[in-house]
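Note sheet for the following structure.
Every number here is computed from the coordinates shown, using simple stated rules; none is lab data. None of these values were measured; they are calculated from a predicted model. All Cβ positions, glycine included, derive from the backbone under ideal geometry; neighbour counts span all protein chains shown.
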Amino acid sequence: MMVKQTRPLKLGGLVLEYMNTAVLVFDAELRLNYLNPAAEMLFAVSARQMVGTSVQELLPAEPTFRENLHQALTTGQGMTERELTLMLNSEKKITVDCSVTSIRGEAEDDLVLVEIMQVDHHLRISREERLQAQNLATRALVRGFAHEVKNPLGGLRGAAQLLEGELAEESLKEYTQIIIGEADRLQKLVDEMLGPNRLPKKSLVNIHEILERVRSLVLAEMPEGVQIKRNYDPSIPEFTADRDQLFQAILNIVRNAIQAVEGKGIIELSTRIERQFTIGNVRHRHVLRLDISDDGPGIPEDMIQKIFYPMVTSRAEGTGVGLSISQSLISRHDGLIECSSSNEGANFRILLPLETEMKDDG
């Protein structure tokens, strides 16, 4: 019996069409020879329009990427880069794993095969899982620390009060007052680190009403050189949350931003809805995204990974508990706070599930 054979080229082309990895082929002049549907979606272009164009037209802001393709053609050696940032246009950045393979042919028939896998989503989920694990570990550490510190503090303060009652000289009582005052100060610090210990009392809330309440309060506190801009999405619905806990979480971050700009700068409050969005490893139909950004000097790179730990601060006068408390409060609402920074300022992004609006319509 004769077996019908499928031509390898035809079969290979069919496989490429169904791959989730973006595949592009460039010729010896680095002109686009082929791109599969996954590449069309990634670059938001049509194969019909882009085939025959140069790599520079496809990625005008990526000279290093073009140099890598040229090097692969020249040397015949491939390369792989992990977590490479590509600027698709003036606004959109993506993080990808990229593999470049040189395919030798007859003189001008040399080709470069590029495989691109977008990894932003996976990196974000991994980062969020780390943040959630960090928050749980921090809360457990703080609870243990508070338990170990509060009992001796109470005994220390009580002993100082008893000693003060036995002292006849007023000058000696100054020392017991110092002990009592410092014990009270440490007690207050421990209480701040623990944050509110009650469970959220949830009701329907409007995020913009909470933001305006925060804004009204800090307007009375902040220097004249600081401005607060608002960029709200009015379509965001009410959702169930603890109004006071959200207020406290947001207030801590806004105050942190005011301190960061050091008396002169702009703080922006921005709200948006994200659809089919994953927080940690849980996917939600709708998520509130609240960005609190400032144009200050930014956060040092070595601080970013530990910014939500208690007692971590870059300011000499700071206690380093505000951001830790904010993360804890948002976590109680199944949300998360992310932090990013550059030399143009810092951004704190609060992500909260809009569970009230996620019920199926039938």
Task: Geometric extent, Cα atoms of region 199-362 - Rg, Dmax (angstrom) - done: 15.7, 56
- [ ] For Asp233, enumerate residues with amide H under 5 Å from its amide H, sequence gap 5+ or separate chain, H modeled in the peptide plane.
- [x] Thr271
Open item on the list: If packing is taken as the average number of other Cβ atoms within 10 Å across a peptide's residues, how do 291-302, 49-60, 161-172 rank, most packed first?
Closed with: 291-302, 49-60, 161-172
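For each of Tyr18, Tyr232, count neighbouring Cβ atoms within 10 Å of the residue's Cβ, then give the residues from fewest to most.
Tyr18, Tyr232
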Task: Dipole magnitude (debye, nearest 20) for region 8-118, charges at Cβ of Lys, Arg, Asp, Glu - done: 240 debye
Open item on the list: Checking the a/c ratio against 1.5 first, then a/b against b/c, what shape does the Cα gyration tensor give for region 8-118?
Closed with: rounded
Task: Lys, Arg +1 and Asp, Glu -1 on Cβ, resulting dipole of region 199-362 about Cα centre, debye, nearest 20 - done: 300 debye
- [ ] Can you put Tyr175, Tyr34 in order of Cβ neighbours within 10 angstrom, beginning with the fewest?
- [x] Tyr175, Tyr34
Open item on the list: Within a 10 angstrom radius of the beta carbon, how do Ile330, Ile179 rank from fewest other beta carbons to most?
Closed with: Ile179, Ile330
